[in-house]
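To start, the structure under review is shown below, and the notes come after it.
Every number here is computed from the coordinates shown, using simple stated rules; none is lab data. Here the structure is a predicted model, which means the values were calculated and not measured. FYI the Cβ positions are ideal-geometry reconstructions off the backbone, even for glycines, and counts take in every protein chain you see.
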Amino acid sequence: GPIFSDFFRSTGGEEQEKTKKELLEALRIIEEQALGDKKFFGGNAINLVDISYGMIAYWFKIMEEVIGVNVLEPNTLPRLCQWAQNFMEVPVIKENIPERHKVLAYLRHIRQKLLLEHLNK
């Protein structure tokens, strides 16, 4: 959504701190109100909600690396981090995720393009 997009486009300083804070608040709501104490959003097995949030488990961690800012951390979002680990261990998910180095290269390319557009405004 827009919060992830704003975070990915952030260029540092106050802007980045603001988007990080907004994203952390949104992730806390997801953790507390949607996930709760369940292994997956649907309980003991993945469902459509888990799949829709699956980008948090894989893409978002790589996005954090590209930006150089961590939000999804065990000390701030312990249940969501555990969910991400559980989700990534599901065989059908594990067998179908794109290769990490390809996602990293893609996200670096997109971020560089976005930053250049931002500078040219």
For segment 49-66, indicate whether the set of residues that are touching a Lys or Arg at 6+ places or on another chain (Cβ under 6 Å), surrounded by 14 or more Cβ atoms within 10 Å (Cβ to Cβ) and under 30 Å from Leu119 (Cβ atoms) is non-empty. yes
Scanning segment 83-119 for residues that are more than 29 Å from Thr11 (Cα to Cα) and among the charged types (D, E, K, R), which turns out surrounded by the fewest Cβ atoms within 10 Å (Cβ to Cβ)? Glu95
Tally, over segment 18-50, of residues that are outside any loop (DSSP other than H, G, I, E, B), farther than 16 Å from Pro78 by Cβ and more than 16 Å from the chain's Cα centre (by Cα): 3
Filter result (farther than 12 Å from Gly54 by Cα, in contact (Cβ under 8 Å) with a residue 12 or more places away in the chain and under 13 Å from the mean Cα position of the chain (by Cα)) within segment 66-93: Val66, Ile67, Val69, Val71, Leu72, Leu77
